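Take a look at the structure set out below.
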């Protein structure tokens, strides 16, 4: 039987609530725009690491292809869970049980989305999910498809890009089931302080909601002696257990393997057990060869130190070039420069920069929603310093020239 494209087949109506992804909006913005053909393209819009994947990770992947002959278990191998738990102990000073407090996942993006589907109670009439704004778009889509409604907390320059929890109406807290937190933040690079973690933990304990801590940028920072504070460390320092806390991390940025799709979830053993049950049905087991490569990656730190050195070098050079034409604060961590553009129109700035200088950046308003009568991303661009030093320097000079001429 031929498929009738006019057939009104019914699907999940919640899909209609999803907004176009930022990069789809960017393609639409550039439709019909002819970029300067005399200049080579430089794309700093997407947070995709461009540093080379370390050879030892490639070798561990290819050396274990025999594992493709076996179905992997959803819980992951003992070796991988052990390597993740050991890394968490070295990095965060916490002692996790690898059998029930660690779960490998196919990248933090997949897990951040799936967790909301498992965590939201559908029997509740009103379901809320807290999210920073601007934000990683997965938070919104996960909330909507789980039948919940996002509540956005604007992170603005004037409040230090903080999630101001005291702005949540008191009566609303009882409807909150899940709070997404991104630290270091995307796109601002803001890192939560111990006091901010304490306030969030206190509210979680008081109202019973779960914290989903997205820490995929945790290993891109600028002072080797001062790594960003993580949720697990904060809980340990505050002498709290990991109740209602789930931490999500990934190898993509840390080890330059975005195509490996490998990360982990750690924290509350009861939530891990229930999420594992969900994932068993969801079909989310990690490829055995990927597990072996991931184990090797979590066990090595030298390549991560070198990775950070390259980002430090790029930030120092790029910020020196742009400081007189764009307004920004150096991020605490991560590889984004969140910059205010002259004139205040981030969309026009991005489009005309592409036309004149063949450089692609992401309009900040594409990463945010109108909340409290403001789009907190409006007037900003996100510059992802993911390419090599020469390309980032060339892009910065082109941005400076464009801004000076505008």
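The values are calculated or read from the model by the stated rules, or taken from the named source; none is laboratory data. Keep in mind the model is a prediction, meaning the values are calculated, not measured. Neighbour counts are summed over all protein chains in view; Cβ atoms, including those assigned to glycine, are modelled from backbone coordinates with ideal geometry.
Points to keep in mind about this one:
- Residue in region 164-183 that is touching a residue at least 60 places away in the same chain (Cβ under 8 Å), crowded, with 19+ Cβ neighbours inside 10 Å, out of contact with any helix residue (DSSP H, G or I) (no Cβ under 7 Å at 6 or more places or on another chain) and at negative phi present: no
- Within region 104-125, restricting attention to residues that are buried (at least 20 other Cβ atoms within 10 Å of the Cβ) and over 20 Å from residue 179 (Cβ atoms), the residue that is modelled with the highest pLDDT is 104.
- Any hit, region 297-313, residues being closer than 19 Å to residue 22 by Cα and either in a helix (DSSP H, G or I) or out of contact with any strand residue (DSSP E or B) (no Cβ under 6 Å at 6 or more places or on another chain) (or both): no
- Residue 376 part of a loop (DSSP other than H, G, I, E, B) and surrounded by 22 or more Cβ atoms within 10 Å (Cβ to Cβ): yes
- Exactly one residue out of 79, 83, 60 is touching a residue at least 12 places away in the same chain (Cβ under 8 Å), part of a helix (DSSP H, G or I) and surrounded by fewer than 17 Cβ atoms within 10 Å (Cβ to Cβ), and it is 79.
- Only a single item in (1) in contact with a strand residue (DSSP E or B) (Cβ under 9 Å, 6 or more places away or on another chain); (2) surrounded by 14 or more Cβ atoms within 10 Å (Cβ to Cβ); (3) assigned by TED's automatic domain parsing to the domain that holds residue 21 is not met by residue 275, and it is number (3).
- Output for region 201-216, where each listed residue is part of a helix (DSSP H, G or I) and either free of Cβ contacts under 8 Å to residues at least 24 places away in the same chain or buried (at least 22 other Cβ atoms within 10 Å of the Cβ) (or both): 202
- Verdict on residue 156 being over 20 Å from residue 208 (Cα atoms), crowded, with 23+ Cβ neighbours inside 10 Å and either over 22 Å from the mean Cα position of the chain (by Cα) or modelled with pLDDT of 95 or more (or both): no
- Test: residue in region 3-15 that is touching a residue at least 24 places away in the same chain (Cβ under 8 Å), at negative phi, surrounded by fewer than 16 Cβ atoms within 10 Å (Cβ to Cβ) and not in a loop (DSSP other than H, G, I, E, B): yes
- Of everything listed in (1) crowded, with 17+ Cβ neighbours inside 10 Å; (2) within 22 Å of the chain's Cα centre (by Cα), the single unmet condition for residue 301 is (1).
- Among the numbered conditions (1) in a helix (DSSP H, G or I); (2) touching a residue at least 24 places away in the same chain (Cβ under 8 Å); (3) touching a strand residue (DSSP E or B) at 6+ places or on another chain (Cβ under 8 Å), the only one that residue 319 does not meet is (2).
- Residue list for region 326-337, filter: surrounded by 24 or more Cβ atoms within 10 Å (Cβ to Cβ) and under 17 Å from residue 398 (Cα atoms): 337
- Residue 350 touching a residue at least 60 places away in the same chain (Cβ under 8 Å), under 23 Å from the mean Cα position of the chain (by Cα) and not in a strand (DSSP E or B): yes
- Residue that is farthest from residue 233 (Cα to Cα), among those in region 86-103 that are exposed (fewer than 13 other Cβ atoms within 10 Å of the Cβ) and in contact with a helix residue (DSSP H, G or I) (Cβ under 8 Å, 6 or more places away or on another chain): 97
- Any hit, region 28-45, residues being outside the structural domain of residue 135 (by TED's automatic domain parsing), out of contact with any helix residue (DSSP H, G or I) (no Cβ under 8 Å at 6 or more places or on another chain) and crowded, with 16+ Cβ neighbours inside 10 Å: yes
- Among the conditions (1) at pLDDT 95 or above; (2) assigned to a loop (DSSP other than H, G, I, E, B), the only one that residue 71 does not satisfy is (1).
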